[in-house]
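Structure record follows, encoded as structure tokens.
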Amino acid sequence: MRQRWTRGLRLGASLSVVVLAGTLGVVSGSDQDTPSPLKPVAPERVVTASVAEDVLQPTPLHLMPAAPQPPPSLGLPRSDKSLLQPWKRYAVPVALDPERPQIVIVLDDLGLNRSAARRAIALPGPLTLSFMTYAENLAPLASAARSAGHELLLHVPMEPSDSSVNPGPRALRRGQSAETLKSNLAWGLDRLQGFVGINNHMGSGFTTDEAGMRVVMAELRSKGLLFLDSRTAGSSQGMALAEELGVPAAARDIFLDHEVSRTFIRGQLDAAEELALSKGLAIAIGHPHSETLDLLEEWLPSLEKRGFQLIPISAAVPDAPGTSRRPVAAVGADPS
Ligand SMILES: [Zn+2]
């Protein structure tokens, strides 16, 4: 199955790899040589003196090859990125490998159980870690997550369709005024720094409300943040409004653990692989249950060897509105 998928891409992929290698200063001859997504992008080459000058004169000290440098910290944006929108500025850099099916693993509901969050941060990355707006003292966790090479989202509580379920403080709800929605969203956005966007916690009610979602999308657009639609409702307005308003966006394909058992989660990870093989990309969301973390500890280390590329959510979002990669299948459903 993978053979069929890769064959069609091979010609274009070869071209892309050449262009990518030229752009990034990366040497790539085979799958084994393909840079890991955690490796920093090589700095631009210093323009050195001409060959003739090299022959005639000793190389000036300042043109000598530099000693190997430690990779730049992922904890802070580079200064030349400071003018970019946050969804690009705080994106974990990756060199997309067009020959490999790509998988995004998002873990959300993070920050309430700190030891579970620490376990998630210790997993091989780049994962996409989404922290609850109302969890306390998020800064140390977020900093550790970025230093470990993960990308950050903010997990924003939104009203579920079942009104007896409380999504959490400052939740976005149907019927709230635009002013209240903006105020509640702003409260959440102020709780964390260094994130590329938001995804919805619950929200099977609110995300179906076009007027409310329009307010949220306009705010995300103005703040340069992306939207990951957790797709807790089939009729979520998220993707359509994101496209209309020019918000970078992607949608969840698979929930990993709405049934918390090892057998079920293993099956969902298999489903993510199958979807990536057939369509090139799968976006999966899981939660910091000990069973989910156990399975990811087993599954993630061999993912690249098995031919997949793990990418952060920002890399699954195209630049231009109207070219969004659309989810192709929904496997499972989840109230949250
Ligand atoms: Zn959630």
If you take the residues of segment 233-255 that are within 16 Å of the ligand (Cβ to nearest atom) and within 16 Å of the chain's Cα centre (by Cα), which of them is nearest to residue 292 (Cα to Cα)? 255
Would you point out the residue of segment 272-316, among those that are among the small types (Gly, Ala, Ser) and not in a helix (DSSP H, G or I), that is nearest to the ligand (Cβ to nearest atom)? 286
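Condition check ((1) hydrophobic (A, V, I, L, M, F, W, C); (2) at pLDDT 95 or above; (3) within 14 Å of the ligand (Cβ to nearest atom)) across all residues:
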site	(1), (2), (3)
201	no, yes, yes
206	yes, yes, yes
221	no, yes, no
228	yes, yes, yes
231	no, yes, yes
Pick from segment 108-166 the residues that are away from the ligand (no atom under 11 Å from the Cβ) and among the charged types (D, E, K, R): which of them is farthest from residue 182 (Cα to Cα)? 119
Can you tell me which residues in segment 192-212 are touching a strand residue (DSSP E or B) at 6+ places or on another chain (Cβ under 9 Å) and assigned to a helix (DSSP H, G or I)? 206, 207, 212
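The values are calculated or read from the model by the stated rules, or taken from the named source; none is laboratory data. Keep in mind that this is a model prediction, so the values were computed, not measured. Glycine gets a Cβ as well: all are built from the backbone with ideal geometry, and neighbour counts include every protein chain shown.
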